[in-house]
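Chemist: Shown below is the structure under consideration.
The values are calculated or read from the model by the stated rules, or taken from the named source; none is laboratory data. Every value quoted in this text rests on a predicted model; they were computed, and no experiment measured them. With ideal geometry, Cβ positions are generated from the backbone for all residues, glycine too; neighbour counts draw on all protein chains shown. What goes into the accessible areas is simple: the full protein's heavy atoms, side chains included, and nothing from ligands, DNA or RNA. Shrake-Rupley method; radii C 1.70, N 1.55, O 1.52, S 1.80 Å.
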Amino acid sequence: MHDDDAQHGPLAGFTVGVTAARRAEELGTLLTRRGASVLHAPALRIVPLADDSELLAATKELIGDAPDIVIATTAIGFRGWVEAADGWGIGDGLLDLLRGVELLARGPKVKGAIRAAGLTEAWSPQSESMAEVMDRLLEEGVSGRRVALQLHGEPLPGFVESLRAAGAEVVGVPVYRWMPPEDIAPLDRMLDITVARGLDALTFTSAPAVASYLNRAEARGMLGEVLEALSHDVLSACVGPVTALPLQAKGIDTVQPERFRLGPLVQVLCSQLPARARTLPVAGHTVEIRGHAVLVDGALRPVPPAGMALLQALARRPGWVVSRADLLRSLPGGGTDEHAVETAMARLRTSLGAPRLIQTVVKRGYRLALDPSADSKYDGS
């Protein structure tokens, strides 16, 4: 962690995209608190439980024909299921059903939700791991038994298949269903900004959100460009390995926290993004180039997009002269007047607060005033 992070936050100068529908505000707040600029575009919406005819049908079917085992996987999903059943006038029927079955809770939070509903779980692992739940069921033996599994948006790869292979009948209870967002415009803008490299990182908190993001890119004929951006310039941060699967299937590397929570996800970005920033010794200063800001000797200097484009073009070959024509090509908007380079350069120098960082080389262009001792290190060899 940088010494100056305390002043401006480890994510200052970086732009992070948030694709979550649920808990997006919480994730956005955690990122903003650490200095990031946040762009939010939900890749999905969740069908409200009360409107969900599939959940109603599944609940009625279970009340009519009780399973042997019910597995509750998330606290919010379990509570939502009980509340939705109440709204449909079958809440008591659902609670009576749950009292008469072997009720398994995936972890402490779900256990709390079960107790709050006046029920008692038969068993709960300490680890919150579905693998441990599965081991227990297979040990008990599930042949010929009917197992109801509360689904919660994330696919549970291998779980249902293993139970079925061991002879169980598995009934899914679709507590959340994912649909495309009602307003697709923010997601389209997020895809455009990804391709334009306007993001430093993109966060995903569920596999369906990743799938929706990639499907939309494909529908717009820009999947190749989006994957290219995610391969090289935009870091994909996923809350856990299940969420990362659709990206890995496309050959995209992702970073994940060890604990599958929002806080640790933000911490991963706090260590990864500054490590990816370019740091150069220039004119006696230490210059760290971030997404939309520069740290000059640890002090944060916000830079407008045109200035950032120029600085990145100069930093690609630090110490080398870059012509006005080349710099003009790097400016957003693709103008043809080289005067635009001078205007943007004047603003960039003002933003940096240290005018000698960039030298004008008469009739040739501009160069980053790389410290001589550093020349051999950055001479492109």
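Chemist: What do you get for the angle between helix 53-64 and the principal long axis of the chain? Use alpha-carbon atoms, 0 to 90 degrees, nearest ten.
Modeler: 30 degrees
Chemist: Amide H to amide H under 5 Å from GLU169: which residues, 5+ apart in sequence or cross-chain, H placed 1.01 Å off N in plane?
Modeler: GLY144, ARG145, ARG146, VAL147
Chemist: Moving on. I want the local charge near LYS250. Using Cβ-Cβ distances under 12 Å, sum +1 for each Lys or Arg and -1 for each Asp or Glu among the other residues. Mind showing how you got there, number by number?
Modeler: Values: positive: none; negative: GLU218, GLU228, ASP253.
Neighbourhood net charge equals -3.
Chemist: Let me ask something else. Using the Cα gyration tensor of the chain, with a ≥ b ≥ c the square roots of its eigenvalues, what is the shape: rounded (a/c below 1.5), prolate (a/b larger than b/c) or oblate (neither)?
Modeler: Details: a/c = 3.05, a/b = 2.67, b/c = 1.14.
Taking the square roots of the gyration eigenvalues as a ≥ b ≥ c, the chain is prolate.
Chemist: State to the nearest 20 debye the size of the charge dipole of the stretch 188-261 about its Cα centre, where the only charges are +1 on K and R beta carbons and -1 on D and E beta carbons.
Modeler: Details: 7 positive and 9 negative charges, 52 e Å.
Around 260 debye, computed over the stretch 188-261.
Chemist: With unit charges on the beta carbons (Lys and Arg positive, Asp and Glu negative) and the dipole taken about the Cα centre of the stretch 249-381, which residue among VAL341, ILE252, HIS285 sits farthest to the positive side?
Modeler: Highest projection toward the positive end goes to ILE252.
Chemist: Here's something else I'd like to know. Around ILE358, which amide H atoms from residues at least 5 apart in sequence, or from another chain, sit under 5 Å from its own amide H, with H modelled in the peptide plane?
Modeler: Residues meeting the amide H criterion: ALA369.
Chemist: What does the accessible area per residue of the chain come to in Å², with a 1.4 Å probe and no ligands, DNA or RNA counted?
Modeler: With all protein chains present, the chain gives 47 Å² per residue.
Chemist: Which Cα, out of ALA122, LEU11, PRO355, lies furthest along the positive dipole direction of the chain (beta carbon charges, K/R +1, D/E -1)?
Modeler: My answer, from the dipole projection, is PRO355.
Chemist: Counting DSSP beta bridges in the stretch 231-333, what percent are antiparallel, to the nearest 5? Write down the numbers at each step before the final one.
Modeler: On the way: 12 of 14 bridges.
Just about 85 percent of them are antiparallel.
Chemist: Step through the residues of the stretch 126-138 one at a time and calculate ³J(HN,Hα) from phi using the Karplus curve (6.51 cos²θ - 1.76 cosθ + 1.60, θ = phi - 60°), rounding each to whole Hz and writing x for Gly and Pro.
Modeler: Once rounded to whole Hz, the list reads 6, 7, 6, 9, 5, 4, 5, 4, 5, 4, 4, 4, 5.
Chemist: Taking Cα atoms, how many degrees apart are the long axis of helix 185-195 and the longest axis of the chain, rounded to 10 and kept between 0 and 90?
Modeler: So the helix axis and the longest Cα principal axis differ by about 50 degrees.
Chemist: Does the stretch 32-161 come out rounded, prolate or oblate by the C-alpha gyration tensor, with a ≥ b ≥ c the root eigenvalues, rounded set by a/c under 1.5 and, if not, prolate when a/b is larger than b/c and oblate if not?
Modeler: Working: a/c = 1.81, a/b = 1.30, b/c = 1.39.
Taking the square roots of the gyration eigenvalues as a ≥ b ≥ c, the stretch 32-161 is oblate.
Chemist: Would you tally the net charge around GLY141, using a Cβ to Cβ cut-off of less than 13 Å, leaving GLY141 out, and scoring K and R as +1, D and E as -1? Mind showing how you got there, number by number?
Modeler: Values: positive: ARG136, ARG145; negative: ASP68, GLU102, ASP135, GLU139, GLU140.
Here the count lands on -3.
Chemist: Rounded to whole Hz and in sequence order, give me ³J(HN,Hα) for the stretch 261-270 from the Karplus expression 6.51 cos²θ - 1.76 cosθ + 1.60, θ = phi - 60°, writing x for Gly and Pro.
Modeler: So the J values, rounded to whole Hz, are 9, 5, x, x, 4, 5, 4, 4, 5, 4.
Chemist: Of VAL239, VAL110, GLY167, whose Cα points farthest to the positive end of the dipole of the chain (charges on the beta-carbon: +1 Lys, Arg; -1 Asp, Glu; origin at the Cα centre)?
Modeler: Of the options given, the answer is VAL239.
Chemist: Tell me the carbon and sulfur percent of the accessible area for the chain, rounded to whole percent, probe radius 1.4 Å. The partial results should precede the final answer.
Modeler: Details: 8920 of 17760 Å².
Percent of accessible area from carbon and sulfur atoms in the chain: 50.
Chemist: Residues with beta-carbon under 15 Å from that of ILE193, excluding ILE193: net charge, scoring Lys, Arg +1 and Asp, Glu -1?
Modeler: In short, -2.
Chemist: Compute, for the stretch 271-381, the length of the dipole vector about the Cα centre, with Cβ point charges of +1 (Lys, Arg) and -1 (Asp, Glu) only. Units Debye, rounded to 20.
Modeler: 80 debye
Chemist: Shape call for the stretch 191-294 from the C-alpha gyration tensor, a ≥ b ≥ c root eigenvalues: rounded (a/c under 1.5), prolate (a/b greater than b/c) or oblate? Mind showing how you got there, number by number?
Modeler: Numbers: a/c = 2.76, a/b = 1.44, b/c = 1.92.
It comes out oblate by the Cα gyration axes.
Chemist: Mind listing the long-range amide H neighbours of ARG290? Cut-off is under 5 Å, sequence gap 5 or more, other chains count too, H placed in the peptide plane at 1.01 Å from N.
Modeler: Amide H to amide H, under 5 Å and 5 or more residues apart or across chains, ARG290 pairs with LEU295.
Chemist: Report the charge-dipole magnitude of the stretch 149-290 in Debye, nearest 20, computed about the Cα centre from +1 at each Lys and Arg Cβ and -1 at each Asp and Glu Cβ.
Modeler: Details: 12 positive and 15 negative charges, 50 e Å.
Around 240 debye, computed over the stretch 149-290.
Chemist: Okay, next question. I'd like the antiparallel share, as a percent to the nearest 5, of DSSP beta bridges with both residues in the chain.
Modeler: Bridges in the chain are about 45 percent antiparallel.
Chemist: Per DSSP H run of n ≥ 4, the term is -39500 (n - 2.57); total these for the chain, divide by its residue number, and report the mean residue ellipticity at 222 nm rounded to 500 deg cm²/dmol. Each step should come with its number before you reach the end.
Modeler: Values: 16 runs with 165 residues, N = 381.
Rounded to the nearest 500, the figure is -13000 deg cm²/dmol.
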